[in-house]
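Asker: Got a structure for you, written out below as C-alpha cells; questions coming shortly.
The values are calculated or read from the model by the stated rules, or taken from the named source; none is laboratory data. Just so you know, these numbers come straight off a predicted model, no measurement behind them. Here the Cβ is made from the backbone with ideal geometry for all residues, glycine too, and neighbour counts use every protein chain on show.
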Amino acid sequence: VTPEKAKPVPERKPASGVKITHPDRVIFPDAKATKGDLAAYYETVGAPMLEWLADRPVSLVRCPQGRAKKCFFQKHDSGSFGEHVHHVPIEEKTGDVEDYLYVSDVSGILACVQMGTIEFHGWGSRIDALEKPDRLVFDLDPDEGLDFGDVKKAALDIRKTLEEIGLVSFAMLSGGKGVHVVVPIRPEAEWGTVKDFTSRFARALAAQQPDRFTATMSKEKRKGKIFIDWLRNQRGSTSVMPYSARAREGAPVAAPLTWEELAEVKNARTFSISDGELLQKRSVQMTGWGWHSQVLASV
Ligand code: ATP
Ligand code: MN
Ligand code: MN
C-alpha cells in the first residue's frame, strides 16, 4: 500500500468564549490534576484531536466532582452544554429519533470540559454520513495478568494481517489496559458491511490462534487470551477518541503512536494529561497516513 500525499492539518478556530469555572477543583486526586489542568491539556491537543473527534456523535464520560466520585456516560443532550456543543437527530433501532451531541471545534471540547467531561468517546462515522463509517477499530482487551508485550505483539500481528488485505492501520494506547488498532477507511461501505468484515476478521484470527485470541466477549473464554473486541464497529457503538483523557488513576490519555513507538512503551497508560505538548508536537505525523488506506468495500 502506497500512501498518497499527506493531507495538511486544517486550521481550527482557537478556543474562545468558554469560561472554565472552578479551575482549581481537583479532578484527579491521585495525579493532583485540576479541572484547569484538564482544560489546558485539551486546549493543547485540541487541533489533532479534532481530526478524529470533529462532527462525530459522541458519548461523554462526565465526572463533575472528579474521577473519584460519581461518573456517568452521557450521549443525549440535556440542553445545558451551550452554543458550542451541537445536536444531531439520529434515528435509533426502536424508530425513535434522539438528539446526539457533537463538537466541531476546540470551544466545543472545552464546553464539555466545563460541564465536567473527562472522556470523549465517538461513533465510527460522521454526521454527514452517519450510515457509512470512516474507521474501523479492533479494541484489544487482554485478560487480567496478561503481559503487555503480548498485547503489543497481537497489535503488530493484526497490523500485518490488515496490510495483507490492503488496509493501513495505526496503534493507539487506550490509556487503560489495551491497544486499539484503528483503520481509517473511506466512508463508502455501510454499517452492515463493516460489522460483518470486522467480525469475520476477528473470528478468523481467533480460529487460527485459539491460544492467543478470542472473538467473544465472555470473560470465561478470555482466560489467558486477548479478546479482539470488534463490537465497537456497530452503528451506535463508540470507542474512546484519540487524545481523550481517561477517568482513571494517574490521568492517562488515549495516545495514538507510530508502530515504532509502540515497540518502546511498557503499558497502555504511558501518556497522561501532563504530556499535552509532547503529544501535540508529534501529532502531525499521525494524521495523514491512515486516511489514505485502501477501500474496505473491496475486501
Ligand atoms: P481498556 O484498554 O482498558 O480496555 P477501553 O477504552 O478500550 O480501555 P473497553 O472497556 O474495552 O475500554 O471499552 C471499549 C469502548 O466501549 C469504550 O472506549 C467505550 O467507548 C465503550 N463503552 C464501554 N463501556 C461503556 C458504557 N457503559 N456505555 C457506553 N459505552 C461504553
Ligand atoms: Mn478495550
Ligand atoms: Mn472492549
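Asker: If you go through segment 160-191 one residue at a time, how many are under 18 Å from Leu231 (Cα atoms), more than 16 Å from ligand 3 (Cβ to nearest atom) and modelled with pLDDT of 95 or more?
Answerer: 1
Asker: I'm trying to understand the selection: among the residues of segment 162-184, which are in a helix (DSSP H, G or I) and buried (at least 16 other Cβ atoms within 10 Å of the Cβ)?
Answerer: Step one: of segment 162-184, the residues in a helix (DSSP H, G or I) are 162-164.
Selection gives Leu162 alone.
Asker: Does Ala215 fit the bill of being among the small types (Gly, Ala, Ser), more than 16 Å from ligand 3 (Cβ to nearest atom) and buried (at least 20 other Cβ atoms within 10 Å of the Cβ)?
Answerer: Taking the combined requirement at face value, the residue does not satisfy it.
Asker: Give me the strands (runs of 3 or more DSSP E) completely within segment 44-96, filtered to those with at least 3 residues that are modelled with pLDDT of 95 or more and within 14 Å of ligand 1 (Cβ to nearest atom), ordered by residue number.
Answerer: Details: elements: 58-62, 72-74, 86-91.
Filter on segment 44-96 gives 58-62, 72-74.
Asker: Condition test on Asp147, is it touching an Asp or Glu at 6+ places or on another chain (Cβ under 6 Å), under 30 Å from Lys225 (Cβ atoms) and either buried (at least 21 other Cβ atoms within 10 Å of the Cβ) or not β-branched (Val, Ile, Thr) (or both)?
Answerer: On the way: touching an Asp or Glu at 6+ places or on another chain (Cβ under 6 Å): no; under 30 Å from Lys225 (Cβ atoms): yes; either buried (at least 21 other Cβ atoms within 10 Å of the Cβ) or not β-branched (Val, Ile, Thr) (or both): yes.
Criteria not met by Asp147.
Asker: Follow-up. Could you tell me which of the residues Ala268, Ala202 is part of a loop (DSSP other than H, G, I, E, B), within 15 Å of ligand 1 (Cβ to nearest atom), buried (at least 21 other Cβ atoms within 10 Å of the Cβ) and at pLDDT 90 or above?
Answerer: On the way: Ala202 fails: part of a loop (DSSP other than H, G, I, E, B).
Of Ala268, Ala202, the one residue that is part of a loop (DSSP other than H, G, I, E, B), within 15 Å of ligand 1 (Cβ to nearest atom), buried (at least 21 other Cβ atoms within 10 Å of the Cβ) and at pLDDT 90 or above is Ala268.
Asker: Find the residue count for segment 149-175, including only residues that are over 30 Å from Ile90 (Cβ atoms) and within 11 Å of ligand 1 (Cβ to nearest atom).
Answerer: Count: 1.
Asker: When only residues in segment 88-106 that are within 30 Å of Ala40 (Cα to Cα) and in contact with a helix residue (DSSP H, G or I) (Cβ under 9 Å, 6 or more places away or on another chain) count, which is surrounded by the most Cβ atoms within 10 Å (Cβ to Cβ)?
Answerer: Val103
Asker: Could you check segment 238-258 and list, in sequence order, the residues that are part of a loop (DSSP other than H, G, I, E, B), at pLDDT 95 or above and out of contact with any helix residue (DSSP H, G or I) (no Cβ under 6 Å at 6 or more places or on another chain)? Spell out the reasoning first.
Answerer: Applying the first criterion (part of a loop (DSSP other than H, G, I, E, B)) to segment 238-258 yields 238, 241-244, 246-251, 254, 258.
Filter again for at pLDDT 95 or above, leaving 238, 241-244, 246-251, 254.
The answer is Thr238, Ser244, Arg246, Ala247, Arg248, Glu249, Gly250, Ala254.
Asker: Could you pull out the residue among Val179, Val183 that is out of contact with any Ser or Thr (no Cβ under 7 Å at 6 or more places or on another chain) and either of a type in the set (S, T, N, Q) or within 23 Å of Thr238 (Cβ to Cβ) (or both)? If you could, list the steps in order and put the result at the bottom.
Answerer: Numbers: Val183 fails: out of contact with any Ser or Thr (no Cβ under 7 Å at 6 or more places or on another chain).
Residue meeting the stated conditions: Val179.
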